[in-house]
Amino acid sequence: MHVVITGGAGFLGSHLCDRFLRDGHHVIAIDNLITGNIRNIHHLAGNPLFRFIHQDVTEYLYLDGPVDAVLHFASPASPVDYIQLPIQTLKVGALGTHKTLGLARAKGARYLLASTSEVYGDPLVHPQTEDYWGNVNPIGPRGVYDEAKRFAEALVMAYHRYHGVETRIVRIFNTYGERMRLDDGRVVPNFIGQALRGEPLTVYNDGKQTRSFCYVSDLVEGIVRLLDSNEHLPVNIGNPREMTIGEFATLVKQITGSMSEITFVQPQDVRIQDDPSRRRPDIGKAQRLLGWQPLVDLEEGLRLTIKYFQERVVA
Ligand code: UDP
């Protein structure tokens, strides 16, 4: 196959490039590098199956030659990033989805949208099943991401229904692993960076809010299986092991062996506004449909991620 991956220099995009190349496919990565980093794909330079295009996917996309699959992964994806880049976040979710769907349609390619558990907002249904419509504040700081992804899902369904494009929608829950940006503000790089530097781990609010963390290789496997399937309705991919952020801080401290203390802080800003209080994927659909479930336990995945960050943290 010839596979186009937008956001190909980002955390998830670069792992997808690796996976499709390993499976023997041609890969074209497109990225404007505003949150992605060329270092994530540096090791692919010179690979004859790989090509990188430095472009903003909200602009017109023209590609020579065949394309069999388009995976749209370009977007600022951490709350701190999309709060700093609100217009770009809205544009890439809306215009970028439109352009990439247009490319898929023109080439007769299969299309996969990276959607998100954020479409469920601060969920009133727990764990979250795909048929839950969500509880999103459209005008809050997270609205730029949440509503762009919700619009993107609607657009994908319209291209499927109206133009007959073969589409897939993956709703990605919190994912971590090598190549996350140390400064993206998310809880995994924040806590690991703080633990490695001996600084206090900053738990926001009372730390009772929950998340469920999926290691990147499990996510990539789920995405590949979804792309190969016939399912055009959304599928959750994530790890259902749920814990409080307070418990997560203790775990990071244990695994790093850090002497850091754990502090509870109340940032008086958008970092905690509309922070979902609970999040856990119901993965029954992925299990039934794709025969998929996560294989890497959190302790193991964290050890691998910590090793990656250890090589990059400057004390
Ligand atoms: N969080 C925290 N300390 C930090 C960063 C994040 O307590 O230094 C909390 C945040 O309030 C949220 C959870 O960790 O409840 C996950 O935040 P993240 O930014 O990783 O992603 P989200 O799941 O909110 O999109």
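Out of (1) surrounded by 15 or more Cβ atoms within 10 Å (Cβ to Cβ); (2) within 20 Å of the chain's Cα centre (by Cα); (3) in contact (Cβ under 8 Å) with a residue 60 or more places away in the chain; (4) under 21 Å from residue 11 (Cβ atoms), the odd one out for residue 210 is which?
Here residue 210 meets the rest and fails (4).
Just checking, which of 58, 35, 97, 89 is within 16 Å of the chain's Cα centre (by Cα) and part of a loop (DSSP other than H, G, I, E, B)? Step through it out loud before you land on a result.
On the way: 58 fails: within 16 Å of the chain's Cα centre (by Cα); 97 fails: part of a loop (DSSP other than H, G, I, E, B); 89 fails: part of a loop (DSSP other than H, G, I, E, B).
On inspection, the qualifying residue turns out to be 35.
Please state which of the following conditions residue 201 fails to meet, knowing it meets all the rest: (1) open to solvent by less than 20 Å² (accessible area, probe 1.4 Å); (2) in contact with a Leu (Cβ under 9 Å, 6 or more places away or on another chain).
The number of the failed condition is (2).
In the range 259-273, is there at least one residue being among the charged types (D, E, K, R), surrounded by fewer than 18 Cβ atoms within 10 Å (Cβ to Cβ), part of a loop (DSSP other than H, G, I, E, B) and within 19 Å of the chain's Cα centre (by Cα)?
Yes, the conditions are met somewhere in the range 259-273.
Taking only the range 16-32 into account, find how many residues are of a type outside the set (Asp, Glu) and surrounded by fewer than 15 Cβ atoms within 10 Å (Cβ to Cβ). Give the derivation first.
Of the range 16-32, the ones of a type outside the set (Asp, Glu) are 16-17, 19-22, 24-30, 32.
Add one more test, that the residue is surrounded by fewer than 15 Cβ atoms within 10 Å (Cβ to Cβ), and what stays is 22, 24.
The number of residues fulfilling the criteria is 2.
Give me the strands (runs of 3 or more DSSP E) completely within the range 205-256, filtered to those with at least 3 residues that are within 13 Å of the ligand (Cβ to nearest atom), ordered by residue number.
Working: elements: 210-212, 235-237, 242-244.
By residue number, 210-212, 242-244.
Identify all residues within the range 168-196 that are over 18 Å from the mean Cα position of the chain (by Cα) and either more than 12 Å from the ligand (Cβ to nearest atom) or not polar (S, T, N, Q) (or both); write none if there are none. It would help to see each step written out before you state the result.
At the first step, the residues of the range 168-196 found to be over 18 Å from the mean Cα position of the chain (by Cα) are 191-196.
If the condition is that a residue be over 18 Å from the mean Cα position of the chain (by Cα) and either more than 12 Å from the ligand (Cβ to nearest atom) or not polar (S, T, N, Q) (or both), then 191, 192, 193, 195, 196 are the ones that fit.
Checking the conditions here, which among 110, 150, 105, 142 is among the basic types (Lys, Arg) and touching a Pro at 6+ places or on another chain (Cβ under 7 Å)?
Numbers: 110 fails: touching a Pro at 6+ places or on another chain (Cβ under 7 Å); 150 fails: touching a Pro at 6+ places or on another chain (Cβ under 7 Å); 105 fails: touching a Pro at 6+ places or on another chain (Cβ under 7 Å).
From the options 110, 150, 105, 142, the qualifying one is 142.
Before we move on, is residue 35 open to solvent by less than 40 Å² (accessible area, probe 1.4 Å) and within 16 Å of the ligand (Cβ to nearest atom)? Write out each step before concluding.
On the way: open to solvent by less than 40 Å² (accessible area, probe 1.4 Å): yes; within 16 Å of the ligand (Cβ to nearest atom): yes.
So residue 35 passes the test.
The values are calculated or read from the model by the stated rules, or taken from the named source; none is laboratory data. Predicted model, so just to flag it, every value in this text is computed and none were measured. All Cβ positions, glycine included, derive from the backbone under ideal geometry; neighbour counts span all protein chains shown. Quick note on the areas: whole protein, heavy atoms, side chains included, nothing else; ligands and nucleic acids left out. Shrake-Rupley method; radii C 1.70, N 1.55, O 1.52, S 1.80 Å.
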